[in-house]
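Reviewing the structure listed below.
The values are calculated or read from the model by the stated rules, or taken from the named source; none is laboratory data. Owing to the predicted nature of the structure, the values given are computational and were not obtained by experimental measurement. For neighbour counting, all protein chains shown are included, and Cβ atoms are generated from backbone atoms with ideal geometry for every residue, glycine included. These area figures cover heavy atoms from the full protein model, side chains too; ligands, DNA and RNA do not enter into them. Shrake-Rupley method; radii C 1.70, N 1.55, O 1.52, S 1.80 Å.
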Amino acid sequence: MVQYSNLKYAIKDHIGYVIINREPQLNALNQETLDELQDIFKHFNSDDHVRGIILTGAGHKAFAAGADIKEFMDLSVIQARWLSERGHIIFTDLIEASPKPVIAAINGYALGGGLEMALACHIRIASENAKMGLPEVSLGLIPGYGGTQRLPKLIGKGQAMQMILTGDMIDAQRAYELGLVNEVIAQDKLIARAEEILQKIFTRSRVAVANAIAAINAAEDKEQNGNKVEMDAFGHLFGTEDFKEGVSAFLAKRTPNFE
Ligand code: CAA
């Protein structure tokens with residue numbers, strides 16, 4: 001494990017691990033953690049050895065309990081606006097738009113900015129003890145790292161309204177019922193399950209996976225025509241070696257050997 005001040009990372013079996021490492025503060029995201037997240041995601045997104053990423057929190061209690069509230073008191077209106085924009089940029093451009101599958105392994109509290117970080121990931125799985133919520137209205141705020149935009153798309157406007165307006169936390173089982181997480185797993189098996197999902201994805205075509213992520217993201221991007229992105233990507237993939245290998249393998253009744 002390589003250590004930044006607020007997070008740890010490692011690469012093993014083509015998986016990049018990012019672990020928010022502020023356990024005494026329940027992995028709250030201070031501004032320095034945002035800087036380090038930006039740095040490590042830039043690195044993993046461009047490192048060919050990394051084919052997928054697992055994002056989690058240190059310890060057994062929290063994934064991330066939100067933005068660091070202790071840093072809030074001194075922020076001006078302009079600084080707070082910029083903090084929100086920075087969170088949006090990092091979560092959207094580096095996590096959501098990563099060409100590599102990013103799994104949030106939610107191992108405890110995922111609140112406020114912590115849940116918003118998980119919402120930017122491509123896949124979310126949670127441990128049985130996980131609790132999720134957007135409690136910002138109880139601080140006189142609203143979610144600032146994309147929660148008002150991503151949560152309604154994931155669980156529907158009505159359920160998202162209720163979660164955001166009450167600020168209530170929900171448990172892992174309720175999050176599963178709402179479609180907020182894909183699976184609920186015993187805590188000691190959470191990372192192994194995330195690894196298993198990624199290893200399955202790694203047997204598929206890397207270029208196809210990257211194009212699938214881009215096309216799915218385009219569906220929610222008002223500045224893009226998702227149908228066009230899908231059509232362009234579909235055509236583009238016909239020109240790749242992976243396509244030739246995938247179809248040849250199917251016709252020869254063998255397992256494809258991509259790259
Ligand atoms: N920011 C800063 N410190 C935090 C924190 C946060 N978001 N969440 C927890 N901590 C700190 C606590 O202050 C405490 O530190 P000290 O020991 O120095 O006092 C330590 O972590 C342990 O926390 P608790 O003693 O509160 O632990 P608990 O088990 O009693 O409660 C909890 C756990 C319910 C998660 C509670 O800590 C909590 O409510 N945290 C705040 C959650 C929150 O409001 N998140 C939203 C932040 S705002 C935001 O994220 C804005 C945005 O959209 C970008």
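Considering (1) within 27 Å of ILE216 (Cα to Cα); (2) within 10 Å of the ligand (Cβ to nearest atom); (3) of a type in the set (A, V, I, L, M, F, W, C), the lone condition that ILE164 does not fulfil carries the number (2). Taking region 1-39 as the range and being of a type in the set (Val, Ile, Thr) and either away from the ligand (no atom under 16 Å from the Cβ) or touching a Ser or Thr at 6+ places or on another chain (Cβ under 6 Å) (or both) as the test, the residues that pass are VAL2, ILE11, ILE15, VAL18, ILE19. Of all residues in region 49-67, those satisfying the criterion of being within 14 Å of the ligand (Cβ to nearest atom), of a type outside the set (A, V, I, L, M) and surrounded by 21 or more Cβ atoms within 10 Å (Cβ to Cβ) are GLY57, PHE63, GLY66. Output the residues belonging to region 206-259 that are of a type in the set (A, V, I, L, M), open to solvent by 60 Å² or more (accessible area, probe 1.4 Å) and over 28 Å from the mean Cα position of the chain (by Cα). Listed by number, the residues that qualify are VAL247, LEU251, ALA252. Is one or more of the residues making up region 149-162 at pLDDT below 95 and surrounded by 14 or more Cβ atoms within 10 Å (Cβ to Cβ)? The answer is no, given that none of the residues of region 149-162 is at pLDDT below 95 and surrounded by 14 or more Cβ atoms within 10 Å (Cβ to Cβ). Residues that are within 20 Å of TYR9 (Cβ to Cβ), away from the ligand (no atom under 16 Å from the Cβ) and of a type in the set (S, T, N, Q) do occur in region 40-47, at least one of them.
The set of residues in region 73-130 that are closer than 27 Å to ALA215 by Cβ, away from the ligand (no atom under 12 Å from the Cβ) and open to solvent by 30 Å² or more (accessible area, probe 1.4 Å) comprises ILE89, THR92, ASP93, GLU96, ALA97, PRO99, HIS122, ILE123.
With respect to (1) open to solvent by less than 30 Å² (accessible area, probe 1.4 Å); (2) under 26 Å from ARG86 (Cβ atoms); (3) within 16 Å of the ligand (Cβ to nearest atom), the lone exception for ALA175 is condition (2).
Filtered by the rule that a residue be of a type in the set (Asp, Glu) and either touching a Phe, Trp or Tyr at 6+ places or on another chain (Cβ under 8 Å) or open to solvent by 70 Å² or more (accessible area, probe 1.4 Å) (or both), region 15-48 gives GLU23, GLU32, ASP35, GLU36, ASP39, ASP48.
Each row is one residue, and each column tells you yes or no for (1) of a type in the set (S, T, N, Q); (2) touching a residue at least 12 places away in the same chain (Cβ under 8 Å); (3) at negative phi.
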{"position": "GLN159", "(1), (2), (3)": "yes, yes, yes"}
{"position": "GLN162", "(1), (2), (3)": "yes, no, yes"}
{"position": "GLY167", "(1), (2), (3)": "no, yes, no"}
{"position": "LEU178", "(1), (2), (3)": "no, yes, yes"}
{"position": "VAL184", "(1), (2), (3)": "no, yes, yes"}
{"position": "ILE191", "(1), (2), (3)": "no, yes, yes"}
{"position": "ARG204", "(1), (2), (3)": "no, yes, yes"}
